[in-house]
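The values are calculated or read from the model by the stated rules, or taken from the named source; none is laboratory data. It should be emphasised that the depicted structure is a prediction, and the values quoted were computed from it without experimental measurement. Glycine gets a Cβ as well: all are built from the backbone with ideal geometry, and neighbour counts include every protein chain shown. Accessible surface is based on the protein model in full, side chains and every heavy atom, while ligands, DNA and RNA are left aside. Shrake-Rupley method; radii C 1.70, N 1.55, O 1.52, S 1.80 Å.
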Amino acid sequence: MAYNFKEVEEKWQKKWEDEGTFNAKDDYTLPKWFGLIEFPYPSGQGLHVGHPRSYTALDIIARKKRMQGYNVLYPIGFDAFGLPAENYAIKNHIHPKITTEQNVNHFRQQLKSLGFSFDWSREINTTDPNYYKWTQWIFIQLYKKGLAYKATMPINFCTGCKVGLANEEVVNGVCERCGSPVVQKEKSQWMLKITEYAQRLIDDLDDIDFLDKIKAQQKNWIGRSEGAEVNFKIKGTEDNLLIYTTRPDTIFGATYMVVAPEHPLIEKYKDKIENLEEVNKYKQKAATKSDFERSELNKEKTGVEIKGLKAINPVSNEEIPIWISDYVLITYGTGAIMAVPAHDERDFEFAKKFNLPIKQVIKEDINDNKERTSQEKLEIEFNALFDNPDGIEKPYTDIENGISINSGFLDGLKTKDAIKKIIDYIEENKLGERKVNYKLRDWVFSRQRYWGEPIPMIYCEDCGWVPVPEEELPLKLPDIEDYEPGENGESPLAKQTEWIKTKCPHCGKEARRETDTMPQWAGSSWYYLRYMDPHNDKEFASKEALEYWSPVDWYNGGMEHTTLHLLYSRFWHKFLYDIGKVPTKEPYQKRTSHGMILGGNGEKMSKSKGNVINPDDIVKEFGADSFRVYEMFMGPFDQTAPWSMESIRGCSKFLDRVWSMQEILVDGDTYSKEFESMMHKAIKKVTNDVEEMKFNTCVSTFMTMVNEFTKAKKINRAEYKTFLQLLNPFAPHMTEEIWSRIGEKTEIAKTLWPSYDETKTIDDEIEIPVQVNGKLKATVKVAKDVEQEEIDKIVDENEVIAKAIEGKTVVKRIYVKGKIYNIVIK
RNA sequence: GCCGAUGUGGCGGAAUUGGCAGACGCACAUGACUCAAAAUCAUGCGGGAAACCAUGUGGGUUCGAGUCCCACCAUCGGUACCA
């Protein structure tokens, strides 16, 4: 009676589908649990073995939650707008709608073959007009609140995709998607003001349960820094040069200023600049460089002094030169800095190269609490004696242990206090103000592409930009045949003259439609909300559904989406919260991440390396259950793991042994004495480990149990039933089949999750390791609640121990109840 | 450089969070079954003859350290003239 996985898996999958076994209930009185995985982009390659790692993990949790009595929402959909479909269309002249549909069908069939307990009745697709109607609607709300605006600005332009990219999509100066170089290009783009939410995106992380590394990465990306903006007078004018610094305490050490090449100062004072030609030449050179070239490999500092212009240090009144250099970025802060070479590495490098003065204004505090050897103290004293900044070998940048010197009224203050005092001084004297800056940039939201949501905006010569009236949504993407980007990187839609022509909703005059489309991140920024009420045609979801299902209880996905999708959707959600459309501040209560699956050779799977594993092949050869169990067993869920064909065979073998246990089944309504504590321990372990995503140890627990039962050549009914219930979320098909074969009427998925009794997880008789001076010498068997006196006697009777302590003095005996016994001898 | 991980047998990895290091699986070896092979089952499997030695390296704390502390090294991921 060998196990026929093909037959069994098809049988149960059909039943689940016909009966909608896993559909969420609309009963809002039940306790709910909303588990979410990142919906896939339906690529032509089909499902990758990486997808099921995440899907199986949450499927296991979802199945367990159902058995624990929750009303579970575990939905699926397709994020189907995007470049690959469009590029394929350009090449093969097949409409992306067609390929997308084919791919979705393929994906759906693949996902079903893996037995995921998705609620298929709620399947969504971002390219469905009934879906993107609401994506467009959200955009219009953003526009109405001033959070969407059109701006002409240098954008990242991918030379391959011929499309503008968000900062997040540029990796090492090349396009994240196609690898082509990215250049700067001036283009009028729709922008979303994510920067307005920067602080809240940081602060609210405190209230949610994201992995620490995800929080850290988001905070890094947002890049908050505290400091001050300070005005430096430009000599001989009424004008000021406004700079941003995080170290205003070093202001007495500012020996020169630097402005970015694009800084307006140069244009404004071109008449005063003595070496304008030289300066302009430098500007031009900087302009032709891409961001990548500018930051490439810590290149040498370059720059030119702006002769004829001088700045006045507002606290010391010293006159200092102004330089132009591309190490200062126009996009951050004010595009200008005060340079303090003694206490900033970049300024130091620049000053060294151009022989600019270096003035030390911070020294290391040797009276702090830091432990130092006398040698180190001497060195510090010695260095201090030589107050010879030119001899400084490297700038002192430590913010914790510094003390101000040569800084007038700041002298003697610790860096932190000095910062406070100088900012107060700056503000009192109206020289500038406290200022927080973020690295986060606004989100470039326009794509000059076809296969995306049309941006629902109309341009009228008289009224400017006007949104498409909401009752006209969805603004459908027209069917076209020519997907090639237009002239100058215009959207293919720019060629659809009929579609473009429209009337201004405001004044009725002839007007034209926006031809750019939204980025792929748009549809995925709110999709979890649609799952709550996917067929609603009045709202994106009803208030009741939102109240009941929000927030997503557990969201699992890849680390690569931490600074893109995850940040964008938190931003949209917060906006929807602000306009009263969603009930929670945050979309996702908990976020975890899965590790990547590598090829058998330990390298990233890729076609060119020929190490790609196709899930279909695995399912065909071993079945979905083996595939699922293996993916959970292969290693810690959050870490990368190489694929191994040998190991999956081992998992398949394990399942065969589970199947074979039917042959050693004996009667019994309660656990046998022999296995009682093992059963309770196992229930406890699996119940807890699933919650902590330690799936690999769950599987090894199952294997150990099978070993025990097989060795005993028997398993009673009560034990088998519990075992099958625990295993069910991992191997749903086989466990259902055995369940019905042993005569159970209700499906296992509809049974109650087993419970355990804490007192029964402890054995009556335990083995205590006995150490001498911390080294293991023997083990003794004792009753679980044995007292010290008693165990002392038992240990003394042990021959090995007696030999080990023979002739030595026993200093101490340590017994940690139930754990260990240690004798300290001299 | 900065931020975040990780480092344990031939391999993937366990270790109740300070208490028997190597669970479980793979690979391998031997045996049973078989004419034979595969499958299956059984046994063994860090090093060392042993005392002992072993969790990236070197120190430390502790009765006791893979786990805690200090200083390094290596690998991976993120990020980078962000003032």
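If you go through segment A:84-102 one residue at a time, do you hit one that is open to solvent by less than 40 Å² (accessible area, probe 1.4 Å), under 30 Å from A:G160 (Cα atoms) and touching a strand residue (DSSP E or B) at 6+ places or on another chain (Cβ under 6 Å)? No. For segment A:194-208, the condition holds for no residue, the condition being that it is buried (at least 17 other Cβ atoms within 10 Å of the Cβ), near RNA strand B (Cβ under 9 Å from one of its atoms) and within 29 Å of A:A287 (Cα to Cα).
Counting only strands (runs of 3 or more DSSP E) that sit completely within segment A:739-824, those holding 2 or more residues that are more than 30 Å from A:T722 (Cβ to Cβ) and over 51 Å from the mean Cα position of the chain (by Cα) correspond to A:810-816.
Give the residues of segment A:443-477 that are under 18 Å from A:G523 (Cα atoms), assigned to a loop (DSSP other than H, G, I, E, B) and not aliphatic (A, V, I, L, M), sorted by residue number.
Scanning segment A:443-477 gives A:F445, A:S446, A:Q448, A:R449, A:Y450, A:W451, A:G452, A:E453, A:P456, A:P474, A:K476.
Look through segment A:704-714, keep the residues that are open to solvent by 60 Å² or more (accessible area, probe 1.4 Å) and assigned to a helix (DSSP H, G or I), and return whichever of them is farthest from RNA strand B (Cβ to nearest atom). The selected residue is A:E708. For segment A:556-587: of the residues being basic (K, R) and open to solvent by 40 Å² or more (accessible area, probe 1.4 Å), which is farthest from RNA strand B (Cβ to nearest atom)? The qualifying residue farthest from RNA strand B (Cβ to nearest atom) is A:K581.
Within segment A:449-504, which residues are of a type in the set (K, R) and open to solvent by less than 20 Å² (accessible area, probe 1.4 Å)?
In the first step, residues of segment A:449-504 are kept if they are of a type in the set (K, R); the result is A:449, A:476, A:495, A:501, A:503.
Answer for segment A:449-504, where residues must be of a type in the set (K, R) and open to solvent by less than 20 Å² (accessible area, probe 1.4 Å): just A:R449.
Filtering segment A:486-523 to residues that are assigned to a loop (DSSP other than H, G, I, E, B) and in contact with a helix residue (DSSP H, G or I) (Cβ under 6 Å, 6 or more places away or on another chain) leaves A:G486, A:T515, A:W521, A:A522. Of the residues making up segment A:145-158, those that are surrounded by fewer than 16 Cβ atoms within 10 Å (Cβ to Cβ) and among the polar types (S, T, N, Q) number 1.
Yes or no: segment A:97-108 includes at least one residue that is in contact (Cβ under 8 Å) with a residue 24 or more places away in the chain and under 25 Å from A:S593 (Cβ atoms). So far as segment A:97-108 goes, yes, one or more of its residues are in contact (Cβ under 8 Å) with a residue 24 or more places away in the chain and under 25 Å from A:S593 (Cβ atoms).
Note on segment A:666-703: residues that are open to solvent by 60 Å² or more (accessible area, probe 1.4 Å), over 35 Å from the mean Cα position of the chain (by Cα) and without any contact (Cβ under 8 Å) to a residue 40 or more places away in the chain amount to 2. Considered as a group, the residues in segment A:247-282 that are within 11 Å of RNA strand B (Cβ to nearest atom), assigned to a loop (DSSP other than H, G, I, E, B) and charged (D, E, K, R) include one that is least open to solvent (accessible area, probe 1.4 Å), and that residue is A:R247. The set of residues in segment A:715-736 that are of a type outside the set (A, V, I, L, M) and either surrounded by fewer than 18 Cβ atoms within 10 Å (Cβ to Cβ) or under 20 Å from A:E631 (Cβ atoms) (or both) comprises A:R717, A:N728, A:P729, A:F730, A:P732, A:H733, A:T735, A:E736.
Among the residues that make up segment A:799-821, is at least one of them touching a Gly at 6+ places or on another chain (Cβ under 7 Å) and surrounded by 14 or more Cβ atoms within 10 Å (Cβ to Cβ)? Checking segment A:799-821: not a single residue is touching a Gly at 6+ places or on another chain (Cβ under 7 Å) and surrounded by 14 or more Cβ atoms within 10 Å (Cβ to Cβ). All conditions in (1) surrounded by 15 or more Cβ atoms within 10 Å (Cβ to Cβ); (2) assigned to a loop (DSSP other than H, G, I, E, B) hold for A:D27, with the sole exception of (1). Taken over segment A:557-580, the criterion of being touching an Asp or Glu at 6+ places or on another chain (Cβ under 8 Å) and of a type in the set (S, T, N, Q) is satisfied by A:T563 alone.
For segment A:60-73, the condition holds for no residue, the condition being that it is out of contact with any Leu (no Cβ under 6 Å at 6 or more places or on another chain), more than 24 Å from A:D533 (Cβ to Cβ), in a loop (DSSP other than H, G, I, E, B) and open to solvent by less than 10 Å² (accessible area, probe 1.4 Å).
Let me spell it out: the conditions are (1) open to solvent by 10 Å² or more (accessible area, probe 1.4 Å); (2) of a type in the set (A, V, I, L, M); (3) more than 25 Å from the chain's Cα centre (by Cα), and A:M605 meets all of them except one. Which number is the exception? Against the list (1) open to solvent by 10 Å² or more (accessible area, probe 1.4 Å); (2) of a type in the set (A, V, I, L, M); (3) more than 25 Å from the chain's Cα centre (by Cα), A:M605 comes up short only on (3). If I filter segment A:776-785 for residues that are near RNA strand B (Cβ under 8 Å from one of its atoms), open to solvent by less than 100 Å² (accessible area, probe 1.4 Å) and closer than 30 Å to A:T670 by Cα, do I get at least one hit? Looking through segment A:776-785, none of the residues is near RNA strand B (Cβ under 8 Å from one of its atoms), open to solvent by less than 100 Å² (accessible area, probe 1.4 Å) and closer than 30 Å to A:T670 by Cα. Within segment A:334-354, the set of residues being under 18 Å from A:T397 (Cβ atoms) and of a type outside the set (D, E, K, R) comprises A:I337, A:M338, A:A339, A:V340, A:P341, A:A342, A:H343, A:F348, A:F350, A:A351.
Among the candidates A:D553, A:D516, the residue that is surrounded by fewer than 22 Cβ atoms within 10 Å (Cβ to Cβ) and among the charged types (D, E, K, R) is uniquely A:D553.
Kindly provide the set of residues from segment A:626-647 that are in contact with a Ser or Thr (Cβ under 7 Å, 6 or more places away or on another chain) and open to solvent by 60 Å² or more (accessible area, probe 1.4 Å), ordered by number. The one that is in contact with a Ser or Thr (Cβ under 7 Å, 6 or more places away or on another chain) and open to solvent by 60 Å² or more (accessible area, probe 1.4 Å): A:D638. Among the residues making up segment A:232-269, those that are closer than 30 Å to A:N401 by Cβ and among the polar types (S, T, N, Q) are A:T245, A:T246, A:T250, A:T255. Going through segment A:786-826 one residue at a time, which ones are within 13 Å of RNA strand B (Cβ to nearest atom) and of a type in the set (V, I, T)? A:V800, A:I801, A:I805, A:V810, A:V811, A:I814, A:V816, A:I820, A:I823, A:V824, A:I825 - these are the residues of segment A:786-826 that are within 13 Å of RNA strand B (Cβ to nearest atom) and of a type in the set (V, I, T).
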